[in-house]
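Accompanying notes for the structure given below.
The values are calculated or read from the model by the stated rules, or taken from the named source; none is laboratory data. On a predicted model such as this, the values are computed, not experimentally measured, just so you know. Using ideal geometry, Cβ is built from the backbone for each residue, glycine included, and neighbour counts are taken over all protein chains shown. These accessible areas exclude ligands, DNA and RNA; they are computed on the full protein's heavy atoms, side chains included. Shrake-Rupley method; radii C 1.70, N 1.55, O 1.52, S 1.80 Å.
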Amino acid sequence: MSTGRYAPSPSGRMHLGNLMCCLLAWLSAKSKGGQVLLRIEDLDTQRCPRSYADAIVDDLAWLGLAADGPTPPVYQSDRSEIYQRYFDELSRRGLVYPCFCSRSELHAAEAPHASDGRIIYAGTCRKLTAAQRSAKMQQRRPAWRIKVADELIAFTDMHYGRQQANLAHECGDFILRRSDGVYAYQLAVVIDDALMGVNQVVRGCDLLSSTPVQLYLYRLLNLTPPSFCHIPLLTDAAGRRLSKRDGDLEIAALRQHFGSPEPIIGLLAYLAGQLPKPEPLTAAELLLLFRPEKVPLENIVVPQLL
Ligand code: GLU
């Protein structure tokens, strides 16, 4: 059985880019006779009120893309104990260590080629002695990092083809748990997809570089990874990625403007290369036409809509 998932972060209402991701995840699973589960990625509870999660459930149903699986859906904020079990296992195996570096120390130690804003962690706290660690523990609450290996991790993305990365050069030892106790997305997403039985992940290509990080954790935790299919992002005419700040492309505004889901599904279908022009249709009608190979590789520019 193909099992896909929606994994929205409810830090606002969904925008057209989130809808594209949901639509393609739904089409991908349903075209194989499968199901789509919903997981609310609200690890950062401060930024993710339940009201936005409720709105996501309502918006998906309105669009004809309601999730299968349990009601209420899975909330990451309910699952700290599960994450802790896996975190403890990695700790017991000596793979996790506390990191006391402040944000400014991290920037100061930044590798010169991390020009895109990513920080490649230099491994400063990996080298601390037990005595140094306990002294620092008195002064601040640490974040917790996992040791990465200096090796290539390769996989085949269903849309973008062969990919490979060496985590030691891409990000260095990465954070599993923040200093405020919140588990990192990279850990939670791996555990959740595996425990929920998700075997195909469809998501924006901004997460392509996270995939080797997650594959590394799948291997360490002896869990079976899903297949990965990354999809292009939606941008404005200036090439800027749509974000929740683009209020006019938010679902509330789109619902009000179009009044029914069919024109929105038709627009997404057109942008995803499935229709020669935007024409209203239902998600169920689109399923009969769905051709994943027609989804473009380049990011998709959204025309002025409203
Ligand atoms: N929660 C993430 C987001 O909304 C998606 C994570 C994933 O698909 O792995 O961007």
Kindly list, by first and then second residue, each pair from a residue in segment 78-89 that is polar (S, T, N, Q) to a residue that is not in a helix (DSSP H, G or I), limited to pairs with Cβ atoms under 7 Å and residues at least 6 apart or on different chains.
SER80/TYR183
In segment 168-199, residue farthest from PRO226 (Cα to Cα) [restricted to those that are open to solvent by less than 60 Å² (accessible area, probe 1.4 Å) and of a type in the set (Asp, Glu)]:
ASP173
Return the only residue of ALA53, ALA25, ALA7 being touching a residue at least 60 places away in the same chain (Cβ under 8 Å), farther than 20 Å from LEU187 by Cβ and either crowded, with 16+ Cβ neighbours inside 10 Å or within 12 Å of the ligand (Cβ to nearest atom) (or both).
ALA25
Could you check, for segment 248-264, whether at least one of its residues is surrounded by fewer than 20 Cβ atoms within 10 Å (Cβ to Cβ), outside any loop (DSSP other than H, G, I, E, B), free of Cβ contacts under 8 Å to residues at least 12 places away in the same chain and not charged (D, E, K, R)?
yes
Return yes or no: is MET1 closer than 27 Å to LEU288 by Cβ and either open to solvent by less than 10 Å² (accessible area, probe 1.4 Å) or within 13 Å of the ligand (Cβ to nearest atom) (or both)?
no
If a residue must be in contact with a helix residue (DSSP H, G or I) (Cβ under 9 Å, 6 or more places away or on another chain) and open to solvent by 80 Å² or more (accessible area, probe 1.4 Å), how many such residues does segment 137-151 contain?
1
Within segment 28-40, the residues that are within 12 Å of the ligand (Cβ to nearest atom) and either touching a Leu at 6+ places or on another chain (Cβ under 7 Å) or over 17 Å from PHE228 (Cβ atoms) (or both) are LEU38, ILE40
Looking at segment 213-247, which of the residues that are in contact with a Cys (Cβ under 7 Å, 6 or more places away or on another chain) and part of a loop (DSSP other than H, G, I, E, B) is farthest from the ligand (Cβ to nearest atom)?
PRO232
Which of the residues that make up segment 56-76 are among the polar types (S, T, N, Q) and buried (at least 17 other Cβ atoms within 10 Å of the Cβ)?
GLN76
For ILE231, the lone unmet condition from (1) closer than 19 Å to PRO8 by Cα; (2) open to solvent by 70 Å² or more (accessible area, probe 1.4 Å) is (2)
Being in contact (Cβ under 8 Å) with a residue 24 or more places away in the chain and closer than 24 Å to LYS30 by Cα is the filter here, so list the residues in segment 270-298 that pass it.
LEU271, ALA272, THR282, ALA283, ALA284, LEU286, LEU287, PHE290, PRO292, VAL295, PRO296, LEU297
I'm trying to understand the selection: among the residues of segment 146-156, which are closer than 12 Å to LEU167 by Cβ and not small (Gly, Ala, Ser)?
ILE146, LYS147, VAL148, ASP150, GLU151, LEU152, ILE153
